[in-house]
Structure formats: structure tokens, C-alpha cells
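These notes concern the structure reproduced below.
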DNA sequence: AAAATAAGTGTTATTATTACATTTCCAAAT
DNA sequence: ATTTGGAAATGTAATAATAACACTTATTTT
């Protein structure tokens, strides 16, 4: 006889996404203004409900794809939030995902369509439900990631300057880093290719552009080499 | 108008617990032999279903309490497993929790009653569903925990020898450690109290017993001081 | 030609980690 | 009483990683 689980409770399962981006200055998150009740008009993470035919990763991908148009976004499951009254309408648990995207490639039209907006972490408005808590947790996770793998790939444009990479790390870790030590460390990892090309927008002298060497980068990640800056 | 979520799918949500213990030699996990279908007679993690009135932590506590009799078990949410067919009976997601308990205090009767058994990690049988995967993930998490906080508190008896503490770390990290370096490092953390008392079971000379200094230990954990051995 | 501005570059000091071998203590055996 | 066996206890030197630190270069604008 199969146990048919008939007597067990079923619940709604939401998936909410913390989307990080980097605009060469600040670490940002993408938020939307809710156009439905409850909490209409307030800012929130983007989210949706898990469907019967999806895994959680599927659901997170679907939701991310809607808002960004991208398909292969870096994404990790973060945590299950389950306070009884976290959603006033009905018992709903939410699995938070965090994602990293390159702001520059991002489709402006989709953003408009969803009344979405990038906020730098410090200036982000207060969010609905337990979304603030989710963001806090995501920032901590992102920090851990940043020192366990070189996450720049996901957040920077294809070509970038050392300064940009350093700024990215400074905004993730929320601390100033020493320029020389940073460069030495990064070069030691042997995951960047220095290009001939220079970026002339930031100074008269211009600064060399770099690219990630995808192969070495991946090997580096696999080996679990740390990127402690 | 409130959005009432009526059209959204609801799912069963299980909670499965990976319970770690340490018996002075090996790191172990507690498994039960299923006495119901599906997979009756096979080994599995202990688990249960989330009830409408509980948070996930509540559910994990309830399940842990049933099997161990303990109330304040160290416990962390691990990951939500959501493959479509992970449970052959019905679409069920499972939130895995990992827990640490001191084998010695553990109630033998409860173990018997549930046909539970401690297995050392290497000798554990293959488990039902995706439980092997859960255990793997739990081990990795435990390793990370072991180097970010001194987890001994949860897994060792109140009084223990340096050797035991070292053995514990060796079995968690799955590598041999140097005795002198280990002791120097641990002493440097200033979280242990050396007692007058000796443990005479392991040698003629006997070895000093230690206790954790709960206050310093907690401060240490709060400060996020690493316990990288 | 001078000024302004960010880019680029190495060395030393400090700290943390690793490697490593001998002596001490005690009980049991003789 | 003496010897023996076995684990416990102990410190130092070598190496590696991290942190601190300031001047020169290249280029455009004035």
C-alpha cells in the first residue's frame, strides 16, 4: 500500500529574486513597484509562484527571464522564508534566489514595462513583507561568494578596467581596498587577459582594459581557489 | 481588491533532517529504516511534512524532537530540493535541515523505537529519493561551519580531551591535522578552559579534560572569528 | 610649457601557517 | 624497585601570505 499523503497540508510556494547589478560605481538591486494588492504601490523584489511542473530553479529562471530577457543568468538558491504571516493574504512560503546580472546589457524596455528600477544598496527603499530580510541575507551571501570565487564575470561588462573590478569588490565588501595589493592579488590569480585597448573615458592617460580568461577562471572556480582580496 | 492567489498551485513541503553526531572516533549520521511505502525497508533521513501552522524551523524542531527527545538542537536550514519526481507518490518539495547532536546524551530507547541507527559517513547505506544528495550537501556545509565557528560545543560531551576535539575536526574535514599546530591554534582562540581533571581511559598518563568557555565561545562566534584549523 | 588627473608600479614589515622530534608522565609488568 | 610501553605534552624555525606604504608616468587641457 502506498502512503498517499492525503492528510498532509499543502502550501503556496513563492520564489522571490534578489537581482544584483553593478553600474561602475555602486552595487545595485533591481526592484519593482507593485501594481496589485496587497501593498500596491510599494517596492518589492520580483517574484512569482512555483508551478506544479517546475523545479525551483525553473521558476527562478522563468521569473528572471521575464524581467530581464536573459536566459542564462547566474543564480543561486538562498533561503526559504516561512514565517506564518509573512504574506497577509494567505500562508505562503518563499524561496529567495539571488542573481547577478550585467546592468549594461539590460533591456530598458522590460524595466519600464514592469516599473522596475535599480537602486543602490544604501538607497533602496523599504520593501514589502520580509523582502528586506531577504536582501540582507543575499548581500551576506554575495560577500561570501565574492571571496570564494571571482564573480566579476557576471557583473562586469566584457571588457573592464582594473579600477572597475576593484570598485566592484569594494562595493560588495563595503570596504576600501589598496590599489597595489588588489592588482597584485588579481594578477596572481592568472584569470585576466590584459588587452592592447584602453578605456579613455576615465582619465587623460587612459587605462588598459582587461577580459576574463573564461577557461582559467572556470578552472579556478572548480579548484575552489579562494579570491580573498 | 486583494489578489487571492486562487489560481496558484499548492505543493506538499517535506522537511528532512541530516543529524550529525560524533562518537569519539567518527563523524556519524542518524538514519531510520522506513516502515512504510514507498521504499519500505530502505534507509532514509528522518523527515515529515510541514504543517499549516508551523514555520520550517518549527517543523524541523518537531521532527528532531520526536527522534531525539532533545529540544534545543543546533540546526540550520540547508537547501530546498525540488526535482519534479523526487518523491514518486506525489509532487513534494523537501527542505533539508542539518543538525548537530551529542551522541552520548542521546536516548537509546527513542532510537530503537524508530529503528534508527548511527552510521559513520563512509559506511552509510544508500538512501531513498534524493537523500544521498542532501547528505553530501550537509557535509559540505558542516565543513564550512567547522572553519567559520568552533562547532565542538554541539558535538562533544561537556568535558573532552584535546585529542577528541582534534579527532572531531579531522573527521569533519576528512584530513589529518598536526597535533601541535592544532593545539596552538585552539589555545590561541581562547575559548577553552583546561580542567584539573584528567581522562584516564585513553592512556596511563591520562590527558587533561577541557571545557568550552561558553561566553568567550559565543563572543567569538558573534565576531565571526574564523576557526580555520 | 605648465598644470591637472588618473594610471601604473615594488618593496619591506608584519602576521599567519606549516613542518617537525623529543621529553614527560604514569601504570603495568617484571 | 626497576623497567617498559604508550600516549600526552610541548616550542621553534622556515616559509608563505597579507598589509602597509608613495612616487613616477602618460596624456590632455590650459
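The values are calculated or read from the model by the stated rules, or taken from the named source; none is laboratory data. Source: prediction; values computed, not measured. Note that each Cβ is placed from the backbone with ideal geometry, even for glycine, and that neighbours are counted across all protein chains shown.
Checking residue B:37 against (1) within 12 Å of chain A (Cβ to nearest Cβ); (2) at pLDDT below 95; (3) within 25 Å of residue A:81 (Cα to Cα), which test does it fail?
Here residue B:37 meets the rest and fails (3).
Within the stretch B:214-223, is even one residue more than 9 Å from DNA strand D (Cβ to nearest atom), surrounded by fewer than 14 Cβ atoms within 10 Å (Cβ to Cβ), in contact (Cβ under 8 Å) with a residue 24 or more places away in the chain and farther than 15 Å from residue B:152 by Cβ?
Looking for residues that are more than 9 Å from DNA strand D (Cβ to nearest atom), surrounded by fewer than 14 Cβ atoms within 10 Å (Cβ to Cβ), in contact (Cβ under 8 Å) with a residue 24 or more places away in the chain and farther than 15 Å from residue B:152 by Cβ, one finds none in the stretch B:214-223, hence no.
What is the one condition in (1) within 10 Å of DNA strand D (Cβ to nearest atom); (2) outside any strand (DSSP E or B); (3) free of Cβ contacts under 8 Å to residues at least 40 places away in the same chain that residue A:201 does not satisfy?
It fails just one condition, (1).
To keep it simple, each residue is scored yes or no on (1) in a helix (DSSP H, G or I); (2) within 12 Å of DNA strand C (Cβ to nearest atom).
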{"position": "A:140", "(1), (2)": "yes, no"}
{"position": "A:153", "(1), (2)": "yes, no"}
{"position": "A:181", "(1), (2)": "yes, yes"}
{"position": "A:196", "(1), (2)": "no, yes"}
{"position": "A:211", "(1), (2)": "no, no"}
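Name every residue in the stretch B:203-225 that is under 27 Å from residue B:122 (Cβ atoms) and touching a helix residue (DSSP H, G or I) at 6+ places or on another chain (Cβ under 7 Å), in order of residue number.
Of everything in the stretch B:203-225, just one residue is under 27 Å from residue B:122 (Cβ atoms) and touching a helix residue (DSSP H, G or I) at 6+ places or on another chain (Cβ under 7 Å), namely B:207.
Give the number of residues within the stretch B:44-56 that are touching a residue at least 40 places away in the same chain (Cβ under 8 Å) and more than 7 Å from chain A (Cβ to nearest Cβ).
Of the residues in the stretch B:44-56, 4 are touching a residue at least 40 places away in the same chain (Cβ under 8 Å) and more than 7 Å from chain A (Cβ to nearest Cβ).
If I go through the stretch A:162-173 residue by residue, how many of them are within 15 Å of DNA strand D (Cβ to nearest atom) and in contact (Cβ under 8 Å) with a residue 12 or more places away in the chain?
The total comes to 5.
Can you tell me which condition residue B:177 does not meet? The list is (1) in a loop (DSSP other than H, G, I, E, B); (2) exposed (fewer than 12 other Cβ atoms within 10 Å of the Cβ), and all the others hold.
Unmet condition: (2).
Only one of these conditions is not met by residue B:129: (1) within 14 Å of chain A (Cβ to nearest Cβ); (2) away from DNA strand D (no atom under 16 Å from the Cβ); (3) under 22 Å from residue B:101 (Cβ atoms); (4) surrounded by 15 or more Cβ atoms within 10 Å (Cβ to Cβ). Which number is it?
(3)
Do the conditions hold for residue B:111, that is, is it within 14 Å of another protein chain (Cβ to nearest Cβ), out of contact with any helix residue (DSSP H, G or I) (no Cβ under 7 Å at 6 or more places or on another chain) and within 25 Å of residue B:58 (Cβ to Cβ)?
no
So which of B:209, B:195 is at pLDDT 95 or above, more than 20 Å from residue B:25 (Cα to Cα) and not assigned by TED's automatic domain parsing to the domain that holds residue B:31?
Values: B:209 fails: more than 20 Å from residue B:25 (Cα to Cα).
The conditions single out B:195.
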